[in-house]
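I have placed the structure first, in the form of structure tokens, so that the comments after it can refer back to it.
Here, each number is a calculation from the coordinates, and none is a lab measurement. Source: prediction; values computed, not measured. Here Cβ is always computed from backbone atoms with ideal geometry, including for glycine, and neighbour counts include all displayed protein chains.
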Amino acid sequence: MSIEIQGVAPLLQVFDMLTSIRFYRDILGFSVVNTSPALSANPDDVDWAMLRLNDTTLMLNTAYEAEHRPSVPEPTRLVSHDDTCLYFGCPDVDSTYLYLQSQGLKLKAPKVAHYGMKQLYLKDPDGFGICFQWTA
């Protein structure tokens, strides 16, 4: 017997939900498909959001309740983000590179890894790794 799985939805703890939603929605092209209730008149001011792009689902959750959020991210919390990278299948890594550059992101050009994947790496606003990759 095997377990039927129909996808995975990673949950990232983010410092600033407004910044994270703008990054994933307005730069990477995800759609916000569900959220917790808005905390203000701004519909992006939420504690939790589910985003989707094609068959990819991602959830964001605030790392702090609004009343407990420090003025700047805690460095000890951010250090652990280096251990997390989301790998997205991306058939046209080169076009993605050019598009993200046009959005103002400063990126290193894609490279082919020794195991044959063309990869473009970047960081989201919280320092989580993102890799767009496809077989070279």
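For semi-axes √(5λ) of the Cα gyration tensor in Å, the value computed from the atomic coordinates appears in the list (1) 27, 18, 16; (2) 32, 17, 13; (3) 24, 15, 15 under label (1).
The angle between the Cα long axis of helix 93-102 and the longest principal axis of the Cα atoms of the chain comes to about 50 degrees, rounded to the nearest 10. Just the Cα atoms of the stretch 77-136, one point each, no solvent: what log10 I(q)/I(0) does Debye give at q = 0.13, 0.23, 0.28 Å⁻¹? With no solvent term, the Cα-only Debye profile gives -0.33, -0.93, -1.17. Once label points are set 7 Å from the Cα along Cα→Cβ at both Leu18 and Lys108, what is their separation, rounded to one decimal in nm? Here the answer is 3.3 nm between the modelled labels. In the chain, Cα pairs under 8 Å separated by at least six residues give a relative contact order of 22 percent.
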